[in-house]
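One structure is given below, encoded as structure tokens.
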Amino acid sequence: MVRTNQTSTVTEFLFSGFPQFEDGSLLLFIPLFIIYTFIVIGNLTIFFAVRMDIRLHNPMYNFISIFSFLEIWYTTATIPKMLSNLISEKKTISITGCLLQMYFFHSLGNSEGILLTTMAIDRYVAICNPLRYPTIMTPRLCAQLSAGSCIFGFLVLLPEIAWISTLPFCGPNQIHQIFCDFEPVLHLACTDTSVILIEDVIHAVAIIFSVLIIALSYIRIITVILRIPSVEGRQKAFSTCASHLGVFLMFYGSVSLMYLRFAATFPPILDTVIALMFAVLAPLFNPIIYSLRNKDMKIAIKKLLLAAPACIPT
């Protein structure tokens, strides 16, 4: 902190979200490092498998590949800093670094949420209007939706981060979390804390709106699937949605635990567990869900892995 005559201006924040793991930080570092490595390799594998297999060049798999690409950067925004904090005595981050972490983490999360909503609409059109699907979900529209999800996800957060950057931080500098997040940082600002409630309401409305769109899409999808006369036809139709539905439940389930609690307070250990679920465990299961639940994806990944040694010069 930089001291002035009457106040102290905070120049960096101290993370205090891992105090319960202080004695066994290395024991947590190793599994977290393994999980992060798996997330990066798993999502890269899915991304390249879709790009290199011409049979997967359709809107559904294109959205999956973009989602996997975003997951890599989504976890990279927070996990490397968590890893360094676990093995470092000085668990600090500069204010600029904290703002950048918040911006990229939530911008990527917003992009993923919008993309999941787009994927739900894609499955709705594919199952409820199969004859019109090729003319509606054209490659051009698919590219526009993918780009639009990312662009909007990054732009929508700029005013909020710009506003937070103008707030004075002149008191305590301990962030009671394992990464920079809106509420813990806003609690440290030397200003009216009622703005936190406004932040909570804005985030809650955005989350609930996305969940409602996806839920309504799947209610309609399931209704149509149940009307298919053959068991085989129902199973085939549902299998095209099962992976996305699983990722949706994992993503928004953890998001809801994190951001739809308003004034409710949890014990520090539970706060840390929820944050780990939100930032680490949900991204961990996404490549597993997409690779194990999808026959075409498994074939494409197998082809990619078999082709990889042939590309290495001897």
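Quick check on the stretch 18-170: what does the Kirkwood estimate of hydrodynamic radius come out to from the alpha carbon pairs, in Å? Numbers along the way, then the final one.
On the way: mean 1/r = 0.0560 Å⁻¹.
Taking the inverse mean of 1/r over all distinct Cα pairs, the stretch 18-170 comes out at 17.8 Å.
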Where labels lie 7 Å past Cα in the beta-carbon direction, separation of Ala162 and Lys302 in nm: 5.2
Mean residue ellipticity (222 nm) of the chain, computed from DSSP H runs ≥ 4 via -39,500 (n - 2.57), nearest 500: -23500 deg cm²/dmol
What fraction of the Cα pairs in the stretch 196-279, stated in percent, has a spacing above 20 angstrom? 49
Using only the heavy atoms of the protein chains and a 1.4 Å probe, how would Met250, Met297 rank by accessible area, largest first? Met250, Met297
For the stretch 66-152, what size does the Cα cloud have along each of its three principal axes, sorted from largest down, in whole Å? 61, 20, 15
How would Val211, Val247, Val201 line up by accessible area, probe 1.4 Å, largest first? Val201, Val211, Val247
Table column - 3J(HN,Hα) (Hz), the stretch 283-290, Karplus curve with 6.51, -1.76, 1.60, x for Gly and Pro: x, 5, 7, 4, x, 5, 4, 6
Give me the distance in nm between label points sitting 7 Å out from Cα along the Cα-to-Cβ direction at Trp73 and Ile208, one decimal. 3.1
Computed on Cα atoms, the radius of gyration and Dmax of the stretch 186-245 in angstrom are 20.0, 64
Provide, in order from the shortest bin, the percent of all Cα-Cα pairs of the stretch 41-81 in each 10 Å bin, continuing until the bin that contains the maximum pair distance. 31, 47, 17, 4
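Would you please calculate the Kirkwood hydrodynamic radius of the chain over all C-alpha pairs and express it in Å, rounded to one decimal?
Details: mean 1/r = 0.0469 Å⁻¹.
This gives a value of 21.3 Å.
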Straight-line reach from Lys91: which lysines have Cα under 19 Å away, leaving out those fewer than 8 places along the same chain? Lys81
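Dividing the alpha-carbon radius of gyration of the stretch 133-231 by 2.2 N^0.38 Å (N being the number of residues), what value is obtained?
Details: Rg = 20.6 Å, N = 99, 2.2 N^0.38 = 12.6 Å.
Relative to the 2.2 N^0.38 Å estimate, the stretch 133-231 comes out at 1.63.
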Would you mind checking which residues have amide H under 5 Å from Gln174's amide H? H placed 1.01 Å from N; only 5 or more apart, or other chain. Leu14
Just the accessible area for Lys303, please: 1.4 Å probe, Å², rounded to the nearest 10? 110
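The values are calculated or read from the model by the stated rules, or taken from the named source; none is laboratory data. Source: prediction; values computed, not measured. Methodologically, a virtual Cβ is constructed for each residue, glycine included, from the backbone with ideal geometry; neighbour enumeration extends over all protein chains shown. Please note that ligands, DNA and RNA were not included when accessible areas were found on the heavy atoms of the full protein model with its side chains. Shrake-Rupley method; radii C 1.70, N 1.55, O 1.52, S 1.80 Å.
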